[in-house]
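Report on one structure; see the data block that follows.
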Amino acid sequence: MSRGDSPSVETRRPDRAALIIAVVLALIAGVIFWDVSRLTGLAGYSQVGPTTVPYAIACCLIVLAIWTAVEGFRGDFAEREPQQFGPVAWVVGGLAAQMLLLNTLGFSIATGILFAMTARGFGKRQLWLTIPFGIVASFVVWTIFAKVLQLSLPAGPLERLLF
Amino acid sequence: MGTLDFLLQGLLVAAQPMNLLYALIGVTLGTAVGVLPGIGPALTVALLLPVTYQLDPGGSLIMFAGIYYGGMYGGSTTSILLNTPGESSSIVTALEGNKMARAGRGGPALATAAIGSFVAGLIATLGLAFVAPYIVKLALVFGPREYFALMVLAFVTVSSAFGDSTLRGLTSLFVGLTLASIGIDQLTGQARLSFGVPDLLDGIEVTTLAVAMFAIGETLYIAAQGDKGPDKVEAVRGSVWMNASDWARSWKAWLRGTFIGFPIGAMPAGGAEIGTFLSYATEKRLSKHPEEFGNGAIEGVAGPEAANNASAAGTLVPLLTLGLPTSATAAIMLAGFQQYGLQPGPLLFATNPQLVWGLIASLLIANFMLLVLNLPLVGLWVKLLTIPKPWLYAGILLFATLGTIGANPSVFELGMLLAFGLLGYVMRVFGYPIAPVVVGLILGPLAEQQLRRALSISQGDVTVLFTSPIAAVLLVIAALAFIVPLILRARGRGEVLAQLAASED
């Protein structure tokens, strides 16, 4: 479940993560070039148009990508602490669940599930207790924000049952 | 009319019962959220922005100002009682304040922080009121190229001048600028980088990005550190009140901190944390009890905390007069203005003086309220610190997603929230600063607009950017702010800069 990244400072080997970041930066630059190239011909009289700044940004991203790659090869990229991915997965799962369930089950139930899964990520394992607690807490929040402050929060079966 | 007349008019606006109520709600919420560990002022402001959605612009900005100041007060309580400074501006407070709390002097530490914040907030807000009209006059002669130069300076100081790596600061900034290019181009109506997705045409919401990066990124990062046991909260033992010697040692430190912090915050450049470090160094040098520094010297809490609040008020000078956010918190405040179609800047002082001066006056009122809220009620805020981590972070995510859902209840928006949250997490793991992304996102389109205007006027001649004396000077300063830290770091003097990192606000 958990895996430690080896600190890169002492080893002086090429830092894989830095190289990946460099590639991602270069890819983003490529996407900008590709997307903005569709807009050519729109630059006006002054040769300054909607494409000028994105091109400049993309060029800078390429420079930054090269710079990151150089630091990665020299092995003096950032130090890192070991990360545990289990808890991260629980929290991300909770956010994904809320996102997918929000419009069918409504704010309270979807957010209650997010609440419980986040608490699980931080070590509260009793989901049969935390899910109902989360739903009640979210429902109270829903009542305050949707009814008193008039914010439009999606209602589901639970909200329709009680209001 | 002079500044005083405007300020008095502003006080009349701010003293209306409804506005007083908004200010009170603002400072209470701001303190409550700001006290929570791991939540700095930037996130406090971003999380509470949705509360203000349904109010009129005046009331909402007044509540917002209260939230801003409340978040600042709350943050100092956390760093004194729980040695985990959520934001870099509180590191120094934690240094001495936490030592005092361990020695059973938590009460006086909290008191000197609160009263110091009050004194600094009062002087700095008055400073804001008196300085602003002059800068507004100055700003009226600014053309597009001067504005562009100013923004370049802000970009450099926010991203690369401080922190431990020029490379990572700049990378963060350009990630923000890339995100800023998404959506419809303001000058020609062309859709850029939106790949035919209608949800992207309006661009990326600053609040979505800020909440995702600060709240979700931080939650994921803390979760990934695993269970290291509960943080130790220092109980407030003994009296909250300061004795005569505490007062004698504090008052000069408050004033010095204020006069160090305000100008630094008011400069149209990022890095407002420098003030706290400068103030700490000054107090250490001037103190009659230098041996106490490192073991809980009250001057070491009083000075930096005053400097911190004074520079927070100072940040409002470039924000209100030039529309230039120089911290993540200010960037989110600018987003708060923009939701009402208001663009801070010299024009706002002319077109909407009631709003601007009402806002400044309500900062003064919020400051008084905070003093009352913080000193006697400190026990209540301390209780908030003892919330166990699972409930705390579950609650943070509840409110973080609530804001996004309230603004735009779509699966796509929540998907962006999750994606940026993951981005924020990865950036934290590799030590990339977060603030430049947020500042880049909100300042990017403004800088682009000014640049293109300047270049259209000159018919594409780039040299025009350097031929105005003001713009040339600003660009030279920006270049120095970029090059000097590079040299310092190359010579191994980077630790000083790393300490000044603007990680949160």
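The values are calculated or read from the model by the stated rules, or taken from the named source; none is laboratory data. Source: prediction; values computed, not measured. Methodologically, a virtual Cβ is constructed for each residue, glycine included, from the backbone with ideal geometry; neighbour enumeration extends over all protein chains shown.
Of these, B:G38, B:G59, B:G10, B:G34, which one is under 21 Å from the mean Cα position of the chain (by Cα) and away from chain A (no Cβ under 14 Å)?
When all the criteria are applied, what remains is B:G34.
Of the residues that sit in the stretch A:84-105 and are surrounded by 22 or more Cβ atoms within 10 Å (Cβ to Cβ) and not hydrophobic (A, V, I, L, M, F, W, C), which one is nearest to the other protein chains (Cβ to nearest Cβ)?
For the stretch A:84-105, the residue satisfying everything is A:P87.
Quick one: which of A:V53, A:V9 is at pLDDT below 90 and within 7 Å of chain B (Cβ to nearest Cβ)?
Testing whether each residue is at pLDDT below 90 and within 7 Å of chain B (Cβ to nearest Cβ) leaves just A:V53.
Is it the case that A:E79 is outside any helix (DSSP H, G or I), at the interface with chain B (Cβ under 9 Å from one of its Cβ atoms) and acidic (D, E)?
yes
Is it fair to say B:F482 is within 9 Å of another protein chain (Cβ to nearest Cβ), assigned to a helix (DSSP H, G or I), of a type in the set (F, W, Y) and under 24 Å from the mean Cα position of the chain (by Cα)?
So B:F482 does not fit the description; no.
Those residues that are of a type in the set (D, E) and farther than 22 Å from B:G70 by Cα, I need them from the stretch B:282-313; list them, please.
If the condition is that a residue be of a type in the set (D, E) and farther than 22 Å from B:G70 by Cα, then B:E283, B:E291, B:E292, B:E299 are the ones that fit.
Scan the stretch B:289-303 and report the pairs whose first residue is among the acidic types (D, E) and whose second residue is surrounded by 24 or more Cβ atoms within 10 Å (Cβ to Cβ) and in a helix (DSSP H, G or I), with Cβ atoms within less than 6 Å and a gap of 6+ or a chain change.
B:E299/B:A253; B:E299/B:E283
Report yes if B:I457 is over 16 Å from B:V158 (Cβ atoms), among the aliphatic types (A, V, I, L, M) and modelled with pLDDT under 90, otherwise no.
Yes.
Checking B:V462 against (1) more than 9 Å from every other protein chain (Cβ to nearest Cβ); (2) more than 23 Å from the chain's Cα centre (by Cα); (3) assigned to a helix (DSSP H, G or I): exactly one of these is not met. Which one?
(3)
In this structure, does A:S108 turn out to be among the small types (G, A, S) and either facing chain B (nearest Cβ under 10 Å) or over 24 Å from the mean Cα position of the chain (by Cα) (or both)?
The answer is no for A:S108.
Looking at A:I62, is it at pLDDT 90 or above, surrounded by fewer than 20 Cβ atoms within 10 Å (Cβ to Cβ) and part of a helix (DSSP H, G or I)?
yes
List the pairs whose first member sits in the stretch B:436-450 and is more than 19 Å from B:A210 (Cβ to Cβ), whose second member is surrounded by 23 or more Cβ atoms within 10 Å (Cβ to Cβ), and whose Cβ atoms are under 6 Å apart, counting only residues at least 6 apart or on separate chains?
B:E448/A:V53; B:Q450/B:Y147; B:Q450/B:F148
Which of the residues belonging to the stretch B:285-307 are over 16 Å from B:Y73 (Cα atoms) and part of a helix (DSSP H, G or I)?
Hits for the stretch B:285-307 are B:R285, B:L286, B:P290, B:E291, B:E292, B:E299, B:G300.
Output the residues belonging to the stretch A:118-158 that are assigned to a loop (DSSP other than H, G, I, E, B), more than 7 Å from chain B (Cβ to nearest Cβ) and without any contact (Cβ under 8 Å) to a residue 12 or more places away in the chain.
Passing the criteria: A:R125, A:Q126.
May I ask you to list the residues in the stretch A:120-141 that are modelled with pLDDT of 90 or more and of a type in the set (F, W, Y)?
A:F133, A:F139
Can you find a residue that is small (G, A, S) and more than 9 Å from every other protein chain (Cβ to nearest Cβ) anywhere in the stretch B:383-399?
No: zero hits.
Out of the residues in the stretch B:465-476 meeting the condition of being buried (at least 17 other Cβ atoms within 10 Å of the Cβ) and part of a helix (DSSP H, G or I), tell me which one is modelled with the lowest pLDDT.
B:L465
Out of the residues in the stretch B:2-31 meeting the condition of being free of Cβ contacts under 8 Å to residues at least 12 places away in the same chain, under 17 Å from B:L128 (Cα atoms) and among the hydrophobic types (A, V, I, L, M, F, W, C), tell me which one is surrounded by the fewest Cβ atoms within 10 Å (Cβ to Cβ).
Once the filter is applied, the top-ranked residue is B:L4.
Could you please find all residues in the stretch B:239-261 being farther than 12 Å from B:L278 by Cα and of a type in the set (F, W, Y)?
Residues satisfying the conditions are B:W241, B:W247, B:W251, B:W254.
Does the stretch B:255-309 hold any residues that are more than 22 Å from the chain's Cα centre (by Cα), among the hydrophobic types (A, V, I, L, M, F, W, C) and buried (at least 20 other Cβ atoms within 10 Å of the Cβ), and which are they?
B:A297, B:I298
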